[in-house]
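Peer 1: Sharing a structure with you now.
The values are calculated or read from the model by the stated rules, or taken from the named source; none is laboratory data. Not measured: the values here are computed from a predicted model. Counting neighbours? That spans all protein chains shown, and the Cβs are built from the backbone with ideal geometry, glycine included. Please note that ligands, DNA and RNA were not included when accessible areas were found on the heavy atoms of the full protein model with its side chains. Shrake-Rupley method; radii C 1.70, N 1.55, O 1.52, S 1.80 Å.
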Amino acid sequence: MKRQQENEINCLSGLNLAELEDFAHSLEMPAFRGRQIHSWIYEKYAGSFDEMTDLPAAARELLKEKAKVPLLELKHLQVSKDGTRKYLFALPDGQLVESVLMRFADRKTISACVSSQVGCAVGCTFCATGYLGFKRNLTSQEIVDQIMSMQRESELRIANIVFMGQGEPLLNCDEVIKSVHTIIDSVKIGGRHITISTSGIIPGINRLAKEHLPITLALSLHAPDPQTREQIVPITKKFPLHELIPALRNYESVTKRRLTIEYVMLAGVTDTVEQAKALCDLVRDLHCNVNLIPFNPIEDSTGKQIYERPSRQSQEKFKSIVERSGRTVTIRLERGTDIDAACGQLHNKMLNKN
Ligand code: SF4
């Protein structure tokens, strides 16, 4: 909490309107100065007070003395041949997080993937972030400034946000929910264009159901049977499938929102015909789309490659079985294969270099 108060005093990007009005008030400026700063940050993507030309010169000088606009510092940027931009940002306490900007040739819109924690406690065995362990939760301001920092750097208008970067968003519910409100109210990205992806944190799913946020909830299911899921998503032991599925049904009936099921395909582990059938069976009562994610190989902490990517044939076979159950199934397009695109890869590489 102390860290956030310090950030709120010193850095303004990522704060909501009420916080910016309070900040203006703390400098004995009228509240409308807070609204002007808000408009410069969120509508014109200003990165400095010098750009805020409708503020009086004296006000700009005082602001420069007391504050700065960006919260995050860009440490590293990788740009893929396909236009994917992968950012490594330093937080005010020196911790690092990754964010990704994705462009799709068949879609006009730009999507941004944001992190919600430094590291992650869930420890999925196919995930580079899982090997980092958990460091800390991000504040709402740190989440929102990932979006604003990417917009300022790229000069691209972001239209979709996915909480699929580092961390488990529903183990940081308060700050994630606050950030969603700021994304809707200040960044002006509608709830229908925001997706929160969870590994299956039941109390967090119940909390989201009560909040009635107009977002899409994605479950990172990854395996349809308890044994395989326990192996690759260890938090299944705490939140087993037989409790998770009813929690999702409740979420659906309260919010009337269609779910997305994310399913990572690991060759020989989660891509079999039996598992495709078991998946259909498990989600038969849910209104959901299924997104298949062919695995991008990563190395574990000892440098050994873990898991393999399934063949194209196996991906298509799995897809057609699930489609026959009446679901809309997509195979996730690969982005940034020539850079460290998988979540946590760039972070790990930079840590190993230092
Ligand atoms: S996949 Fe997501 S939930 Fe699992 S360890 Fe990685 S960041 Fe955490």
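Peer 1: Hey, does the range 254-272 have a residue that's closer than 13 Å to F126 by Cα, of a type outside the set (F, W, Y), surrounded by fewer than 19 Cβ atoms within 10 Å (Cβ to Cβ) and assigned by TED's automatic domain parsing to the domain that holds T129?
Peer 2: Yes, the range 254-272 has at least one match.
Peer 1: State whether one or more residues within the range 15-31 are surrounded by fewer than 20 Cβ atoms within 10 Å (Cβ to Cβ), farther than 30 Å from A128 by Cβ, of a type in the set (S, T, N, Q) and out of contact with any Ser or Thr (no Cβ under 6 Å at 6 or more places or on another chain).
Peer 2: Looking for residues that are surrounded by fewer than 20 Cβ atoms within 10 Å (Cβ to Cβ), farther than 30 Å from A128 by Cβ, of a type in the set (S, T, N, Q) and out of contact with any Ser or Thr (no Cβ under 6 Å at 6 or more places or on another chain), one finds at least one in the range 15-31, hence yes.
Peer 1: Condition first: surrounded by fewer than 22 Cβ atoms within 10 Å (Cβ to Cβ) and more than 16 Å from the ligand (Cβ to nearest atom). Can you find one or more residues in the range 125-135 that meet it?
Peer 2: No, the conditions are met nowhere in the range 125-135.
Peer 1: On to the next question. For the range 164-184: of the residues being within 10 Å of the ligand (Cβ to nearest atom) and not in a helix (DSSP H, G or I), which is surrounded by the fewest Cβ atoms within 10 Å (Cβ to Cβ)?
Peer 2: M164
Peer 1: Based on what the data block shows, is T109 farther than 23 Å from V233 by Cβ, more than 16 Å from the ligand (Cβ to nearest atom) and open to solvent by 10 Å² or more (accessible area, probe 1.4 Å)?
Peer 2: For T109, the condition - farther than 23 Å from V233 by Cβ, more than 16 Å from the ligand (Cβ to nearest atom) and open to solvent by 10 Å² or more (accessible area, probe 1.4 Å) - is met.
Peer 1: What number of residues within the range 150-163 are part of a helix (DSSP H, G or I) and among the hydrophobic types (A, V, I, L, M, F, W, C)?
Peer 2: 1
Peer 1: Next question. Which condition from (1) more than 16 Å from the ligand (Cβ to nearest atom); (2) surrounded by fewer than 21 Cβ atoms within 10 Å (Cβ to Cβ); (3) more than 30 Å from V269 (Cβ to Cβ) is the one that N160 breaks?
Peer 2: (3)
Peer 1: Go through the range 185-212 and give me each residue that's open to solvent by less than 60 Å² (accessible area, probe 1.4 Å) and of a type outside the set (A, V, I, L, M, F, W, C).
Peer 2: Selection gives S186, G190, G191, T195, S197, T198, S199, G200, G204, N206.
Peer 1: Condition test on L292, is it modelled with pLDDT of 95 or more, in the same structural domain as P226 (by TED's automatic domain parsing) and in contact with a Leu (Cβ under 9 Å, 6 or more places away or on another chain)?
Peer 2: no
Peer 1: Assuming D93 fulfils every condition listed in (1) in contact with a helix residue (DSSP H, G or I) (Cβ under 7 Å, 6 or more places away or on another chain); (2) surrounded by 14 or more Cβ atoms within 10 Å (Cβ to Cβ) apart from one, which condition is it?
Peer 2: (2)
Peer 1: While we're looking at this one, here's another question. In the list I321, I306, which residue meets the criterion of being assigned by TED's automatic domain parsing to the domain that holds G191 and at pLDDT 95 or above?
Peer 2: Among I321, I306, only I321 is assigned by TED's automatic domain parsing to the domain that holds G191 and at pLDDT 95 or above.
Peer 1: Give P214, P234, P240 a once-over and let me know the one that is free of Cβ contacts under 8 Å to residues at least 24 places away in the same chain and more than 22 Å from E323 (Cβ to Cβ). Break it down into steps so the answer makes sense when it comes.
Peer 2: Working: P214 fails: free of Cβ contacts under 8 Å to residues at least 24 places away in the same chain; P234 fails: free of Cβ contacts under 8 Å to residues at least 24 places away in the same chain.
From the options P214, P234, P240, the qualifying one is P240.
Peer 1: For a quick check of your reading: which strands (runs of 3 or more DSSP E) sit entirely within the range 96-136 and have at least 1 residues that are farther than 25 Å from D82 by Cβ?
Peer 2: Qualifying strands (runs of 3 or more DSSP E): 117-119.
Peer 1: Can you confirm whether I147 is more than 16 Å from the ligand (Cβ to nearest atom), in a helix (DSSP H, G or I), open to solvent by less than 10 Å² (accessible area, probe 1.4 Å) and under 16 Å from L12 (Cα atoms)?
Peer 2: Numbers: more than 16 Å from the ligand (Cβ to nearest atom): yes; in a helix (DSSP H, G or I): yes; open to solvent by less than 10 Å² (accessible area, probe 1.4 Å): yes; under 16 Å from L12 (Cα atoms): yes.
Yes, satisfied.
Peer 1: Please verify whether the range 79-87 includes one or more residues that are without any contact (Cβ under 8 Å) to a residue 40 or more places away in the chain and either under 26 Å from T139 (Cβ atoms) or surrounded by fewer than 19 Cβ atoms within 10 Å (Cβ to Cβ) (or both).
Peer 2: Within the range 79-87, one or more residues are without any contact (Cβ under 8 Å) to a residue 40 or more places away in the chain and either under 26 Å from T139 (Cβ atoms) or surrounded by fewer than 19 Cβ atoms within 10 Å (Cβ to Cβ) (or both).
Peer 1: Would you please list the contacts, defined by Cβ atoms under 6 Å and residues six or more apart or on different chains, that run from a residue in the range 157-173 that is under 16 Å from T139 (Cα atoms) and β-branched (V, I, T) to a residue that is open to solvent by 10 Å² or more (accessible area, probe 1.4 Å) and more than 9 Å from the ligand (Cβ to nearest atom)?
Peer 2: none
Peer 1: For residues in the range 205-225 being in contact with a strand residue (DSSP E or B) (Cβ under 6 Å, 6 or more places away or on another chain) and of a type outside the set (A, V, I, L, M), which is nearest to N160 (Cα to Cα)?
Peer 2: Checking each candidate, the answer is T216.
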